[in-house]
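This report concerns only the one structure given below.
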Amino acid sequence: MPSSPPVPPGRLILLNGASSAGKSTLCHAIQTRIDEPFLQFSLDFLMFGARVLPRRDPEGPFSWAEMRPRLFEGYYRCLPAFLGAGNNLVVDYIIETPEQWRRLVELLRPFDVFLVGVHCPLDELERRERARGDRHLGDARRDLLTVHTFTRYDFEVDSRRPPEENSERIIAAWHLRRWPGVLGRLS
């Protein structure tokens, strides 16, 4: 039986910003407007899916402190697996630490990654955080202090603008991107 031709690797549009900056909404807007298939793959799908992550006890093997490092590492490893299988991805993420940034760079350096900074002022983040009601108050403030300190970006947006407008701007910039992008040049 003849083998299938090799599948080219997928490409990644990675949105980084504080909690409640509108990254997931923007991912969906990109996904519905871009001219080729992109899978949306968010860590939130794992963390906040009631049937995915069993958080039962504050201590022991079900504690968040015990599960968090393995969950994050598994998520990081999923990204190159999906890309290597030829899937394009649009991903929202909060890069919290230099160690997380280094791990993402290490795993994603072989791929075409377009890194987008999603900016939003603190007063608006806090307004959105209160309105959502599904996040701990103060997460957005904590994230904003660090989330944009680890890298430069291939493109940046202000999430106070409508997601439809920002998605069109991101897609246009993505089509004009240089490869390697910021992440690839760090290799």
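Note on R132 and R185: their simple-model spin labels are 3.1 nm apart, each label 7 Å out from Cα toward Cβ. Placing pseudo-labels 7 Å out from each Cα toward the beta carbon at D44 and A172 gives an inter-label distance of 2.6 nm. Ignoring ligands, DNA and RNA, what percent of the 1.4 Å accessible area of the stretch 91-161 is carbon and sulfur? Solvent-exposed carbon and sulfur of the stretch 91-161 make up 50 percent of the total.
Coupling constants for the stretch 97-104 follow from the phi torsions by the Karplus curve (6.51 cos²θ - 1.76 cosθ + 1.60, θ = phi - 60°), and in residue order they are 9, x, 5, 4, 4, 4, 5, 4 Hz; glycine and proline get x.
In whole angstrom, the stretch 66-137 maps to an equivalent ellipsoid with semi-axes of 27, 16, 12, each derived as √(5λ) from the alpha carbon gyration tensor and ordered largest first. Which one, A85, A173, A140, has the greatest fluctuation when you compute a Gaussian network model over the chain with C-alpha springs under 10 angstrom? Sorting by GNM fluctuation, first place goes to A85. Subtracting the Cα-Cα distance of E99 and R161 from their residue separation scaled by 0.36 nm leaves 19.2 nm.
Using Cβ point charges alone (K and R +1, D and E -1), the dipole size of the chain about the Cα centre works out to roughly 180 debye. Once the chain from S4 to C78 is taken as fully extended at 0.36 nm per residue, the excess over their C-alpha distance is 24.3 nm. Of the peptides 122-128, 7-13, the ranking by mean beta-carbon count within 10 Å, highest at the top, reads 7-13, 122-128.
Here the Gaussian network model covers the chain, with springs between Cα atoms less than 10 Å apart; of P110, P69, P37, P69 fluctuates the most. At full extension, D123 and D139 could sit 4.5 nm farther apart than now, given 0.36 nm per residue minus the alpha carbon distance.
The equivalent ellipsoid of the stretch 67-187 has semi-axes of 24, 20, 14 Å, largest first, where each one is the square root of 5 times an eigenvalue of the Cα gyration tensor.
The values are calculated or read from the model by the stated rules, or taken from the named source; none is laboratory data. Keep in mind that this is a model prediction, so the values were computed, not measured. So basically every Cβ, Gly included, is an ideal-geometry build from the backbone, and we count neighbours across all protein chains shown. These area figures cover heavy atoms from the full protein model, side chains too; ligands, DNA and RNA do not enter into them. Shrake-Rupley method; radii C 1.70, N 1.55, O 1.52, S 1.80 Å.
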